[in-house]
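**Q** If you scroll down you'll find the structure; I have some questions about it.
The values are calculated or read from the model by the stated rules, or taken from the named source; none is laboratory data. Note that the coordinates shown come from a computational prediction; the quantities given were computed from them, not determined experimentally. When we count neighbours, we look across all protein chains shown, and the Cβ atoms used for this are built from the backbone with ideal geometry, even at glycine.
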Amino acid sequence: MIRLLQIGMEYNGLIAGLGNPGRKYRNTRHNFGFAVVQTLIERGSRFGEVSSIERSRRYTLHSWRPTEGMRWLLTQPCTYMNRSGEPLSLVSHKFGIPPQHLLVAHDDLDLPFGRIRLKFDSGLAGHNGLRSIADQLGTKAFYRLRMGIGRSEPRTGSGANYVLSSFSSEEKAILPDILAEAEKGIRLFCSDGPERAMNRIHRLDRSFFEMDRS
């Protein structure tokens with residue numbers, strides 16, 4: 001693990017939330033990463049920590065000061081999921097941010113809803129957005145915030161239909177709590193480094209995250 005501070009960089013790093021653009025996909029499971037970064041933007045704006053830098057056809061970009069003396073970039077790619085790597089590569093090169101200073105928040109079928117995991121340089125798990133980023137950057141050596149969405153029941157149809165569907169009413173009830181915990185974990189990631197953030201995030205299997213699916 002590394003300490004995420006590099007003298008000489010204008011920004012300490014880049015935090016990206018993955019999803020699909022447009023109202024049609026706004027509240028779907030596949031846009032969980034979008035929701036995480038949107039939470040950072042909205043809550044940071046309340047405290048004067050966030051300012052808009054750029055909005056283009058390819059991405060939105062904000063500057064975030066989570067703590068004194070640190071500045072991070074927040075971005076939401078405006079391309080479809082399977083082309084997420086193109087805007088992230090552009091932003092990374094524009095601001096001189098190396099892959100190991102990138103944190104990507106994304107939905108994860110392999111984790112139950114409510115579970116969050118922080119990983120570095122791990123497998124892509126068949127996620128088209130992660131594959132696009134790895135292809136564009138030429139490496140998998142970046143951080144991932146895995147936001148669990150679970151898997152669909154066999155009777156509900158394909159995995160593709162499931163990730164593009166909306167959260168259930170039961171899931172929506174605890175979604176704000178999950179996003180709040182993700183925000184706290186990312187703040188710790190920025191201020192104290194990945195190991196401290198992992199220690200917090202990986203203890204978040206609390207009872208209010210568990211759901212009775214019987």
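**Q** Read through the list (1) farther than 22 Å from residue 148 by Cα; (2) in a helix (DSSP H, G or I), then give the number of the only condition that residue 82 fails.
**A** Of (1) farther than 22 Å from residue 148 by Cα; (2) in a helix (DSSP H, G or I), only one is false for residue 82: (1).
**Q** Do we have any residue at all in the stretch 113-135 that's out of contact with any Ser or Thr (no Cβ under 6 Å at 6 or more places or on another chain), surrounded by fewer than 18 Cβ atoms within 10 Å (Cβ to Cβ) and β-branched (Val, Ile, Thr)?
**A** The answer is no; no qualifying residue exists.
**Q** Look at residue 111 and say whether it is touching a Lys or Arg at 6+ places or on another chain (Cβ under 8 Å), under 16 Å from residue 144 (Cβ atoms) and either modelled with pLDDT of 95 or more or outside any strand (DSSP E or B) (or both).
**A** Yes: the conditions hold for residue 111.
**Q** Right, next: Taking the condition of being crowded, with 22+ Cβ neighbours inside 10 Å and at pLDDT below 95, how many residues in the stretch 13-51 meet it?
**A** 0
**Q** Show the residue pairs that are 6+ apart or on different chains and have beta-carbon atoms under 7 Å apart, the first residue being within the stretch 77-100 and free of Cβ contacts under 8 Å to residues at least 40 places away in the same chain, the second being assigned to a helix (DSSP H, G or I).
**A** Close Cβ pairs (under 7 Å, with a partner that is assigned to a helix (DSSP H, G or I)) do not exist here.
**Q** State all residues of the stretch 77-101 that are closer than 16 Å to residue 62 by Cβ and surrounded by fewer than 23 Cβ atoms within 10 Å (Cβ to Cβ); if no residue qualifies, say none.
**A** Answer for the stretch 77-101, where residues must be closer than 16 Å to residue 62 by Cβ and surrounded by fewer than 23 Cβ atoms within 10 Å (Cβ to Cβ): 78, 90, 91, 94, 95, 97.
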